[in-house]
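The values are calculated or read from the model by the stated rules, or taken from the named source; none is laboratory data. Owing to the predicted nature of the structure, the values given are computational and were not obtained by experimental measurement. With ideal geometry, Cβ positions are generated from the backbone for all residues, glycine too; neighbour counts draw on all protein chains shown. Keep in mind that these areas ignore ligands, DNA and RNA; they rest on the heavy atoms of the full protein, side chains included. Shrake-Rupley method; radii C 1.70, N 1.55, O 1.52, S 1.80 Å.
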Amino acid sequence: MSLHSPNVTFHERVEGALRDEILHTALDRATGRFQNLRVTALASLPDAERVRDRARLIRAHTLAHLDTYLEQFAAKVEQAGGQVHFARDANALNEIVLEIARQHKVQSVVKGKSMISEETELNHALQAENLRVVETDLGEYIIQLAGETPSHIIVPAVHKTKEQIGALLHEKISIPYTADPAQMTAAARATLRREFLNADMGISGVNFGVAETGTICLVENEGNGRLTTTAPRVHVALMGIERIVPTLDDLSVMLQVLARSATGQKITVYTNLLTGARRNGEGDGPNELHIVLLDNGRSRVLGTEVAEILYCIRCGACLNACPVYREIGGHAYGSVYPGPVGAVLTPALGGVAQWSDLPQASSLCGACREVCPVRIDIPRMLLVERDEAVRAGKMAWWLRLGLRVYSVTATHPALFRLATTTAGWGTRALGAFGKGWLKRLPPPLNGWTQSRDFPAFAKKSFRAQYRESRHAELIHLDDNAFRE
Amino acid sequence: MRDDRAAVLGQIRIALQTAHLPAARATLPLRVGTGQGDTVSLTERFRAEVEPLGGMTYVARSDEQAIEIALKVLASAQGKELLAWADDEIPVRGLGAALAAHAYTRLDLAMPEDADARRNKLLELERAAAGVTGAQAGLADTGSLALVSAATRPRLASLLPATHLAFLKTSMLFPDMASFFRAHPDVTRDASNVVFVTGPSRTADIELTLQRGVHGPKFLHVVLCDWL
Ligand code: SF4
């Protein structure tokens, strides 16, 4: 249930991320671009707001009847010749996948993008049994060659320059050095093609499972998802138990908002619907389909006040919109699920005690809720978890620091002036979301902003705020030294 | 093999007694009608959507025209071996004969059960210069082709080669995905794979620069068969 316990503190990871200029510039470009594309793409959808409302209703309704829909889904998959396995936790999922691999004498595995496999650290489990595992999404492949972790949910290698990638491919797959993205892409295509054709098993994620038909839907742009689910003789699809929609019609609604919110496309290049195993004399495709449904804390979260986070369709829009994410990047969260959604989901699944810092990694500006295609009220749930952390005696460094910064700035005129005159993200957020957003916050947030003196430091960027707070802390100590 | 089905479903039932699920309703309200349009406007919309993505479209008014376009496209693909759907699955009369007359050959796509034989088969198919398919439908609002798998409609034909040439009857254009599902409610029952293809394969994973043809076809050509 760890979701990867951090071996460095959140604090240290933030320090690291803020130092990394390349990451910062790249993140700014990526998040900025995706935000603009998202706005344009939603504008191309007639009645976008009503579609979002419907998407939210679908997710809420499905979760309220999750047991029924899961049973229906499993029955339909089995009827179509697929096999369904439920995994209580990460170990159970890895064990099931390994068992399937053993039964089929699998030696090599190609993988499409799967957050679930990251959550369960499946690659480690497979490699421990001497299986060859290759990530096939180009960005994930680059990250795997580099031995790193993704920095962005949609562009995993966004923190690497083309020169760095060129040097990496030269070293790892022995191609002549080039920094030309076209040549690098062609080289990766050729190398990975051999992997696809040689692999015994393909492992993919799942965007949605359709209860009425037992269909799984996978969206992607590269075609690696299609190859992963078509070329190898066994296909294993990994999905969270919450990723169900009732009908194909509901699926079409979700697909109208998913790509638009994620990459600003109307639809991804490939929208794969896979139903059961190869049949009726079909000549190609895998011989077997296995769908593994992961719980890993989701059923517990369903019974709580933060169940709404299970509506999430993993579009990543809230990451791009989040001023904190834009400053510190995905790595700093230390979890498989970064950004606003991860700040709620990670403690919910992994335990507030272990992840008490994450719900604090937000300025509660509400941008995540504004952009979320299913209108998840992330700020509300961050407050619920903060509350829980405080009750558990886990008041985070961030909050402690925040309050201390305020007391320092307020008593140091020069700092206070700086604090109140710097045009920070708050101002930008006001520009972006219209004046008076503070007033529009619902009651619990209202209370929060009234009872804490946030404005003095919320008007600066998280970065500036963080740097200054470190500075302020030093001043604070110096002051003490001076007085003594 | 282990299966935690009962335990997980049991947990969910307990959780649902206390779940806080804003906006949850017992049933979903009926959906108001989806998009509409006549064949001409749907054709125009389809082309306007797929062209900016890098997909090439052609309108053919007869079998002969369609064959002429096909031969031109395939000439650019450099190679005589094809992965193709069965003749009956492509709505152009005489296409098979024309391809044979121009020395094109088709690779047999049936996968053997045995693991090593399957590997060798895939390596053989990798040689193909182009894939030739029909399409069960087109979605105008996104410029997507709907390809439905069957014994005579192999999945790899639209996937392995660098060039994908598809023939679509314009009478098979739907305004959007929802209207396609409404017309074909059982589409997923008989096919293990339905894929909506929207433009050529692409990635922006290296410094956000657009690259086509990363894993799937680099070139997508859609011949819209206007007389059908
Ligand atoms: S919380 Fe909403 S915006 Fe964020 S990833 Fe999930 S669906 Fe997208």
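Might you report the magnitude of the Cβ-based charge dipole of segment B:38-121 about its Cα centre, with Lys and Arg at +1 and Asp and Glu at -1, to the nearest 20 debye? If you can, show how the numbers build up before the last one.
Values: 10 positive and 15 negative charges, 55 e Å.
Taking the Cα centre of segment B:38-121 as origin, the dipole is about 260 debye.
Spatial offset of segment A:347-386 relative to segment A:276-344 amounts to 15 Å, using the alpha carbon center of each.
In terms of the Cα gyration tensor, with a ≥ b ≥ c the square roots of its eigenvalues, is segment A:259-358 rounded because a/c is under 1.5, prolate because a/b exceeds b/c, or oblate? Don't jump to the answer; show the numbers that get you there.
Numbers: a/c = 2.73, a/b = 1.60, b/c = 1.71.
Since a/c reaches 1.5 but b/c is at least a/b, the shape of segment A:259-358 is classed as oblate.
Extent along the principal axes, Cα only, for segment B:36-225: 49, 42, 38 Å, with the longest axis given first.
Helical content alone sets the calculated 222 nm signal of chain B at -8000 deg cm²/dmol, taking -39,500 (n - 2.57) per DSSP H segment of four or more residues and averaging over every residue. Put a plus charge on the Cβ of each Lys and Arg, a minus charge on the Cβ of each Asp and Glu, and nothing anywhere else: the dipole of segment B:36-225 about its Cα centre is then about 180 debye.
Within the protein assembly as shown, A:217, A:312, A:315, A:322, A:365, A:372, B:225 have no other Cys Cβ under 4.7 Å of their Cβ and so lack a disulfide-compatible partner by this rule.
When every Cα-Cα distance of segment B:4-121 is counted in 5 angstrom steps from zero, the calculated P(r) takes the values 2, 7, 10, 11, 11, 9, 8, 7, 7, 10, 8, 6, 3, 0, 0 percent. Once the Cβ-Cβ distance of residue A:183 and residue A:108 is raised to the sixth power relative to R0 = 30 Å, the FRET efficiency obtained is 0.70.
Note on residue A:75 and residue B:71: with the Förster distance fixed at 56 Å, the Cβ-Cβ geometry gives a FRET efficiency of about 0.70. For segment A:45-296, the spherically averaged projection of the C-alpha convex hull amounts to 14.0 nm². Spacing of the modelled spin labels on residue B:97 and residue A:25, each 7 Å from Cα toward Cβ, amounts to 6.3 nm. In this calculation the C-beta distance from residue A:391 to residue A:194 is compared with R0 = 51 Å, giving a FRET efficiency of 0.40. These residues, A:154, B:14, go from largest to smallest accessible area, 1.4 Å probe, as B:14, A:154. Working from label points 7 Å from Cα in the Cα-to-Cβ sense, the residue A:127 to residue B:88 distance is 5.0 nm. One Cα centroid belongs to segment B:114-145, the other to segment A:33-58; the line between them spans 32 Å.
The solvent-accessible area of residue B:227, taken with every protein chain present and a 1.4 Å probe, is close to 80 Å².
How big is the shadow of the Cα convex hull of segment A:307-391, averaged over all directions, in nm²? Don't skip to the answer; put the middle values down first.
Values: hull surface 18.8 nm².
The orientation-averaged projected area of the Cα hull of segment A:307-391 comes to 4.7 nm².
Residues A:124, A:235, A:159, sorted by accessible area with the largest first, give A:124, A:159, A:235 [1.4 Å probe; ligands and nucleic acids excluded]. Taking B:155, B:5 and ordering them by how much accessible surface each has at a 1.4 Å probe, largest first, produces B:5, B:155.
Using a simple spin-label model with pseudo-atoms 7 Å out from Cα toward Cβ, residue B:17 and residue B:210 lie 5.5 nm apart.
Got a sec? Which residues in segment A:254-291 would a label at residue B:31 touch, if it sits 7 Å along Cα→Cβ and we count backbone N under 12 Å? Backbone N within reach: A:254-257. When the label point is put 7 Å from the Cα of residue A:146 along its Cα-to-beta-carbon vector, which residues of segment A:157-201 have a backbone N closer than 12 Å? Residues A:157-169 fall inside that zone. Largest GNM mean-square fluctuation across B:184, B:20, B:164, computed for chain B with C-alpha springs under 10 Å, falls on B:20.
Where does the protein assembly as shown land on Rg/Rh, using Cα atoms and the Kirkwood Rh? Write down the numbers at each step before the final one.
Values: Rg = 26.2 Å, Rh = 26.6 Å.
Radius of gyration over Kirkwood radius for the protein assembly as shown works out to 0.99.
Taken as Cα centroids, segment B:164-228 and segment A:133-155 sit 27 Å apart, rounded to the nearest whole angstrom. Cross-link list A:162/B:218; A:111/A:172; A:111/B:169; B:121/B:218; A:113/A:160: which exceed 26 angstrom alpha carbon to alpha carbon? As for pairs spanning more than 26 Å Cα to Cα, those are A:111/B:169.
To the nearest 20 debye, what is the magnitude of the charge dipole of the protein assembly as shown about its Cα centre, counting +1 on the Cβ of each Lys and Arg and -1 on the Cβ of each Asp and Glu?
On the way: 78 positive and 78 negative charges, 311 e Å.
Charge dipole of the protein assembly as shown: 1500 debye, to the nearest 20.
When chain B is treated as a GNM with alpha-carbon contacts under 10 Å, the residue of B:91, B:154, B:29 showing the greatest mean-square fluctuation is B:29. With a cut-off of 19 Å on the backbone N, the residues of segment B:208-225 near the modelled label site 7 Å out from residue B:171 along Cα-Cβ are B:223-225.
Using a probe of 1.4 Å on the protein chains alone, the accessible area found for residue A:102 is around 120 Å².
Ordering A:338, B:12, A:240 by Cα displacement along the dipole of the protein assembly as shown toward the positive end leaves A:338 in first place; charges were set at the Cβ atoms of Lys, Arg (+1) and Asp, Glu (-1).
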